[in-house]
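The values are calculated or read from the model by the stated rules, or taken from the named source; none is laboratory data. Quick caveat, the model's predicted, so the values are computed rather than measured. Quick reminder, even Gly has a Cβ in these numbers, built from the backbone with ideal geometry, and neighbours come from all protein chains shown.
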Amino acid sequence: MSSTESKNEKTKVLLELSFLINSTLDTGEVRDRATEAAKRLLNAEAASLLLVDREKGELFFEVALGEKGKKVKEVRLKIGQGIAGWVAEKGEPLIISDVYKDPRFFKGVDNKTDFVTRNMICVPVKSKNEILGVLQALNKVDGYFSVEDLEWALILSNQIAGAIENANLYEELRDTFLGTVMSLAESLDKRDAYTGGHTQRVRDYCLAIGIRLGLNQKELETLKLSAILHDIGKIGVRDNVLLKNGKLDAREFASMKQHPKYGAEILSHIKSLGGAIEGVKSHHENYDGSGYPEKIKGDDIPLLGRIILVADSFDAMTSDRSYRKALSFETAFAELERFSGIQFDPAVVEAFMNAYKEGEI
């Protein structure tokens, strides 16, 4: 490959990574692809991205590519330990042509993985003079790492730093949003002494079901939001109905049945909730069409609603109420089975029971 062709290929790798960084919020994918880009860009046998754990003053392998990558990820380095630790401490890049002649080289990783490191290029990943981590490539396939390789590695590390910074900001915003949502839902729980912890349990049950049903990460995040907010519409239900010490009469129950619709209306003003609203609105729709508020049935009921109904009903059965004691888990599961295909989606019931049997609940 000519020098021009090589440069064009490397530029293509960087452009592909740049497009990915700007088009996804999947931080894990960005870090994996960035490390893969380092391996390709520098023509190395292996590459790894180490991030700084500030609380422990250590570097940990966030991504490690190559045959021994899994074992590498078990290793942690103190800041200042090894070549990567030195780079993290000093904030300066290094090219090492023979690592075993460098007193900074930490043999522990090679010993653990049976990998033989010959040469290395190691650059800091930093943003605004803050060291976020270290990017390293090991064993140049066709000789030794060059100054030109170092320039490419520094360009790549700058891209990675920007991606990590954006990811950290996104995570902070996401955590703040989820915390606010959870606080709002828990404040509703506290209105009723008999439903303390209900929101958290329904959320956990829903996630166990969702994982069993094969939902992807994005779908699980939507399910989590929907489960947390499923009863938010009860804010619109009068206290004399919501907090009644006993069973509801027909008029009171008709009022209570409005809460899924109220919840959907309240949340419709928050665009970021997207599909989560469907679960909130449909979590009392029964599989045979006898539920509320719209009496839809079967697969016409959004999957989130079918999942929440099972989780919500199970928690209601296994919690104390003013008019009855909690049922045992075994009795509650028997009830889910009894009404499978009538009130509940059979596939959701099966997923929930399997999750319980496997100790996931």
Note on LYS261: of the conditions (1) surrounded by 15 or more Cβ atoms within 10 Å (Cβ to Cβ); (2) within 32 Å of the chain's Cα centre (by Cα); (3) charged (D, E, K, R); (4) under 22 Å from PHE314 (Cβ atoms), unmet is (4)
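So which of LEU150, LEU135 is surrounded by 13 or more Cβ atoms within 10 Å (Cβ to Cβ), in the same structural domain as ALA44 (by TED's automatic domain parsing), in contact with a strand residue (DSSP E or B) (Cβ under 7 Å, 6 or more places away or on another chain) and in a helix (DSSP H, G or I)?
Among LEU150, LEU135, only LEU150 is surrounded by 13 or more Cβ atoms within 10 Å (Cβ to Cβ), in the same structural domain as ALA44 (by TED's automatic domain parsing), in contact with a strand residue (DSSP E or B) (Cβ under 7 Å, 6 or more places away or on another chain) and in a helix (DSSP H, G or I).
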Within segment 294-315, the residues that are modelled with pLDDT under 95 and touching a strand residue (DSSP E or B) at 6+ places or on another chain (Cβ under 6 Å) are none
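Please indicate, with yes or no, whether at least one residue in segment 164-178 is touching a strand residue (DSSP E or B) at 6+ places or on another chain (Cβ under 9 Å), surrounded by 14 or more Cβ atoms within 10 Å (Cβ to Cβ), in contact (Cβ under 8 Å) with a residue 24 or more places away in the chain and closer than 22 Å to GLY28 by Cβ. Reasoning before the result, please.
First pass over segment 164-178, keeping only residues touching a strand residue (DSSP E or B) at 6+ places or on another chain (Cβ under 9 Å): 164-165, 168.
If we keep only those that are surrounded by 14 or more Cβ atoms within 10 Å (Cβ to Cβ) as well, we get 164-165.
Still in the list and also in contact (Cβ under 8 Å) with a residue 24 or more places away in the chain: 164-165.
Within this subset, residues satisfying the condition of being closer than 22 Å to GLY28 by Cβ are 164-165.
Yes, segment 164-178 contains a residue that is touching a strand residue (DSSP E or B) at 6+ places or on another chain (Cβ under 9 Å), surrounded by 14 or more Cβ atoms within 10 Å (Cβ to Cβ), in contact (Cβ under 8 Å) with a residue 24 or more places away in the chain and closer than 22 Å to GLY28 by Cβ.
For segment 281-290, indicate whether the set of residues that are touching a residue at least 60 places away in the same chain (Cβ under 8 Å) and surrounded by fewer than 19 Cβ atoms within 10 Å (Cβ to Cβ) is non-empty.
Kept after step one, since they are touching a residue at least 60 places away in the same chain (Cβ under 8 Å), are these residues of segment 281-290: none.
Among the residues of segment 281-290, not one is touching a residue at least 60 places away in the same chain (Cβ under 8 Å) and surrounded by fewer than 19 Cβ atoms within 10 Å (Cβ to Cβ), which makes the answer no.
In segment 232-255, how many are among the polar types (S, T, N, Q) and either out of contact with any helix residue (DSSP H, G or I) (no Cβ under 6 Å at 6 or more places or on another chain) or not assigned by TED's automatic domain parsing to the domain that holds ASP312 (or both)?
Just the residues of segment 232-255 that are among the polar types (S, T, N, Q), to begin with: 240, 245, 255.
Those left that are additionally either out of contact with any helix residue (DSSP H, G or I) (no Cβ under 6 Å at 6 or more places or on another chain) or not assigned by TED's automatic domain parsing to the domain that holds ASP312 (or both): 240, 245.
So the answer is 2.
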Subset of segment 204-249, residues basic (Lys, Arg), free of Cβ contacts under 8 Å to residues at least 60 places away in the same chain and not in a loop (DSSP other than H, G, I, E, B), comes to LYS218, LYS224, LYS234
Scanning segment 93-121 for residues that are of a type outside the set (A, V, I, L, M, F, W, C), within 18 Å of LEU49 (Cβ to Cβ) and in a loop (DSSP other than H, G, I, E, B) gives PRO93, THR117
